[in-house]
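The values are calculated or read from the model by the stated rules, or taken from the named source; none is laboratory data. Here the structure is a predicted model, which is why all the values come from computation and not from measurement. Don't worry about glycine lacking a Cβ; one is built from the backbone with ideal geometry, like all the others, and counts go over all protein chains shown.
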Amino acid sequence: MVKTPTRNNNILDLFLTNIPSQVHETKTLPGLGTSDHDLVFHEIKVKRGRIKQFPRQVKSYKKAYWSDFKKDLAIFTNTFTEHKHKDPNHLWDMFKAEVNRLSTLHIPTRQIKSRADLPWVTHEIVKLIRKRDKFYTKLKRSCSHKSHYTEKFKQLKSTIQKQIRNAYWSYLKSVIFSDTQGTGHKKKFYNFVKHKKQKT
């Protein structure tokens, strides 16, 4: 994609792609500092999408039976220290396998559901979305009252868009400009960042 020299009369800095139609512009800029290579600047059209989260099992450490865990680990420690095998890799595999076994035995798990929701979408907005979907279903099925359902559907759609927009900016304001700087505020901020993560 680079067609102008990047060092003297030579093209030494390259940009490779298998979708050249997505590259809007390619040009060189003066190098930084004492570098004798020019910078290569690109404008690329990139499609971004939300990372899909799947249900998964996580350990509930607050509900773990730590006394039983420590008791069983102490029994294993006596056997482990008397083991005659001196290979560190083998000993590490033994220790890791035992800790994993005890974790499975004494630490309960819970399932985290997939999250496709947005933290700024309130319960009231969700109710409006469900109501809009019901009107859409009636609109598709109805023949005699189609104009009535069409008007209702458009009104609800417009109302939902406005409320989502207002809720988003209110939530963003509470995340960035909150007076609270404790753990709760940090958690809220990083939850927002997590929801904004995208993949190319």
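Odds and ends about this structure:
- The condition of being in a helix (DSSP H, G or I) and under 30 Å from Lys157 (Cβ atoms) holds for only one of Lys70, Lys96, Lys131, that being Lys131.
- Positions within segment 159-187 being part of a helix (DSSP H, G or I) and modelled with pLDDT under 70, in sequence order: Thr183, Gly184, His185, Lys186, Lys187
- Pairing residues of segment 23-39 that are outside the structural domain of Asp13 (by TED's automatic domain parsing) and loosely packed, with under 14 Cβ neighbours inside 10 Å with residues that are at pLDDT below 80 and not in a loop (DSSP other than H, G, I, E, B), at Cβ distances under 6 Å and at least 6 apart in sequence or on separate chains, gives no pairs at all.
- Listed by first and then second residue, the pairs with beta-carbon distance under 6 Å, at least 6 apart or on different chains, first residue in segment 89-110 and within 14 Å of Ala64 (Cβ to Cβ), second part of a helix (DSSP H, G or I), are Leu102/Phe69; Leu102/Asp72; His106/Asp68; His106/Phe69; Pro108/Lys63.
- Every residue from segment 73-114 that is over 30 Å from the mean Cα position of the chain (by Cα) and among the β-branched types (Val, Ile, Thr): Ile75, Thr77, Thr79, Thr81
- Taking segment 68-124 as the range and being under 30 Å from Lys173 (Cα atoms) and of a type in the set (Lys, Arg) as the test, the residues that pass are Lys113, Arg115.
- The set of residues from segment 99-128 being among the basic types (Lys, Arg) and assigned to a loop (DSSP other than H, G, I, E, B) comprises Lys113, Arg115.
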